[in-house]
Amino acid sequence: MRIRPAADDDFPDIRAIARKTWHDTYDELDEDLIDRTVESWYTDDSMPLEAPGTVVLVVEATDGGRSDSDGDIVGFTHAVVQGDTADILRMYVDPDRQAAGVGTDLHERLVEQLRVYDVERIRAFDFAFNDASRQFYEGFGFERTDVDEVEIDGECYDEAVYTLELSQ
């Protein structure tokens with residue numbers, strides 16, 4: 001496994017991972033809604049790679065013994081730094097690779113990248129109904145600190161906010 005900064009030509013793979021993960025994880029959402037959302041949220045416009053304070057990382061498989069060929073993208077994350085806070089907006093791992101340490105390695109690399117910005121806290125966002133996400137972030141010491149709303153196609157969904165205070 002290799003974790004590296006995303007490149008413009010990674011977006012088809014990023015969308016494919018997002019689509020597969022959303023369909024596998026978010027049973028509460030309509031399949032057409034998922035497809036429309038993925039097409040609009042996972043683009044170079046919504047995840048600008050060169051924007052100041054933006055970190056987008058991808059995970060490439062390097063274990064040729066699996067069905068994936070070397071270099072296939074199996075996960076990604078997207079975070080944005082604003083002042084003393086970094087927000088993890090997206091973190092997805094191919095469902096076939098979950099529970100194998102890919103997400104843990106990706107998260108740890110992301111935190112390393114975010115520490116360069118001297119942030120005091122990191123927040124992560126996900127649908128409030130996603131128990132796997134809650135367990136993942138709480139396993140790294142995040143605490144659920146708020147519930148916000150995210151609007152998709154005119155419908156509002158509760159979004160949990162998890163916060164990790166960093167010691168400087």
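Taking the number of Cβ atoms within 10 Å of each Cβ as an exposure proxy, the fewest-first ranking of 56, 102, 147 is 147, 102, 56. If a/c stays under 1.5 just call it rounded; otherwise compare a/b with b/c (prolate if a/b is bigger, oblate if not). Do that for region 92-131, with a ≥ b ≥ c from the square roots of the Cα gyration tensor eigenvalues. In terms of gyration-tensor shape, oblate. Where in region 80-112 is the amide nitrogen less than 11 Å from a point lying 7 Å along the Cα-to-Cβ axis of residue 51? It comes to 80-82, 89, nothing else. Among 47, 1, the ranking by other beta carbons within 10 Å of each residue's beta carbon, starting with the fewest, stands as 1, 47. Think of each Lys and Arg Cβ as +1 and each Asp and Glu Cβ as -1; about the Cα centre, that makes the dipole of region 1-145 roughly 420 debye.
Of the GluC sites (Glu not before Pro) found in region 78-147, those that fall in a DSSP loop while having at most 14 other beta-carbon atoms within 10 Å are 120. Neighbour counting of Cβ atoms within 10 Å sorts the residues 76, 142, 11, fewest neighbours leading, into 11, 142, 76. Helical runs (DSSP H, four residues minimum) scored at -39500 (n - 2.57) apiece and divided by the length of the chain put the mean residue ellipticity at 222 nm at -9000 deg cm²/dmol. Electrostatic bookkeeping for residue 50 treats Lys and Arg as +1 and Asp and Glu as -1; over the other residues with beta carbon under 13 Å from its beta carbon, the sum is -3.
None of the figures in this text is laboratory data; all of them are computed from the coordinates on show. In this text, all values refer to a predicted model and were calculated from it rather than measured experimentally. For neighbour counting, all protein chains shown are included, and Cβ atoms are generated from backbone atoms with ideal geometry for every residue, glycine included.
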